[in-house]
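Note sheet for the following structure.
Computed from the coordinates by the stated procedures, all read-outs in this text should not be read as laboratory data. All values reported here derive from a predicted model rather than from experimental measurement. Because the Cβ atoms are built from the backbone with ideal geometry, glycine has one as well, and the counts that use them run over all protein chains shown.
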Amino acid sequence: MDLETTIVAISSAPGNSNRALLRISGNRAIESANSLGLSPEVGSVLCDRLVVGKDTLPVLIGAFAKDASYTGDELVEIQFPGNPKLASMLVGMCVQATEGREASPGEFTARAFFSGRISLAQAEGVSATISASNNAELSGAALLRDGVLSKLVDPITTRLTRTLGLVEAGIDFTDEEDVVAISQH
């Protein structure tokens, strides 16, 4: 997976809506928003205007520094009127401005995992939330996102890892005097 290229994607449901959300994540996110005539300020959500063709579009824009974003990269979010044609145009404009590419499904969450912002179980929880089709699945996904599974499994994993280390040491160093095999209790 390419973690260096700036990525762009619509992060809201497809179709017509009052508002849609476009995200830009990568080293050039804020600089690219500036090149589009926007004025993002890290830590703020501002009303702004974006020139699209011959028209000016009202938008809300938010910017996040690397250490404060979901992905661990600079992140810019642009909210705009939710029209699929407009969304497609904005994605193209942002890809060109960033010299990046359109993100693949799940790539923002993958970047969050690879940058250490979320655990694997939490990433799986995000995926489970997106694909949930009933309340029970949503509840299970929430448990994953909240790290409940990790909190249950981590102590067991630690004990198993220590035990495996002792077993391997016992096998590898049987001829050493100071290495004692694992006792049965």
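The angle separating the long axis of helix 135-145 from the principal Cα axis of greatest extent in the chain is about 70 degrees.
For a quick check of your reading of the filter: which trypsin sites (Lys or Arg not before Pro) in segment 17-58 sit in a DSSP loop and have no more than 16 other Cβ atoms within 10 Å?
Working: sites: Arg19, Arg23, Arg28, Arg49, Lys54; in loops: Arg28, Lys54.
Listed in order of number, the matching sites are Lys54.
Which value in deg cm²/dmol, rounded to the nearest 500, describes the helix-derived mean residue ellipticity at 222 nm for the chain, given -39,500 (n - 2.57) per DSSP H run of n ≥ 4 and division by the residue count?
Working: 6 runs with 78 residues, N = 185.
Dividing the helical sum by the residues of the chain leaves -13500 deg cm²/dmol.
Using a 10 Å cut-off on Cβ atoms, rank the peptides 154-165, 84-95 from the highest mean neighbour count down. List each step's numbers first, then the result.
On the way: 154-165: 10.2, 84-95: 16.6.
Packing order, densest peptide first, comes out as 84-95, 154-165.
The GNM of the chain, with springs linking C-alpha atoms under 10 angstrom apart, assigns the highest mean-square fluctuation among Asn16, Asn135, Asn34 to Asn135. Within the straight-line cut-off of under 17 Å between alpha carbons, the lysines reachable from Lys85 are Lys54, sequence neighbours fewer than 8 places apart in one chain being disregarded. Based on C-alpha pairs under 8 angstrom that are at least 6 apart in sequence, segment 48-129 has a relative contact order of 23 percent. For segment 77-185, GluC sites (Glu not before Pro) are listed when DSSP marks them as loop and at most 14 other Cβ atoms sit within 10 Å of their Cβ; the list is Glu99, Glu176, Glu177. For Leu50, the residues 5 or more places off, or on other chains, whose built amide H falls under 5 Å of its own are Leu57, Val59.
Under the definition of Cα pairs under 8 Å and six or more residues apart, what whole-number percent is the relative contact order of segment 1-50? Let's see the in-between values first.
Numbers: 43 pairs, mean separation 13.8, N = 50.
The value is 28 percent.
Charge tally for Thr5 (other residues, Cβ to Cβ under 12 Å; Lys, Arg +1; Asp, Glu -1): -3.
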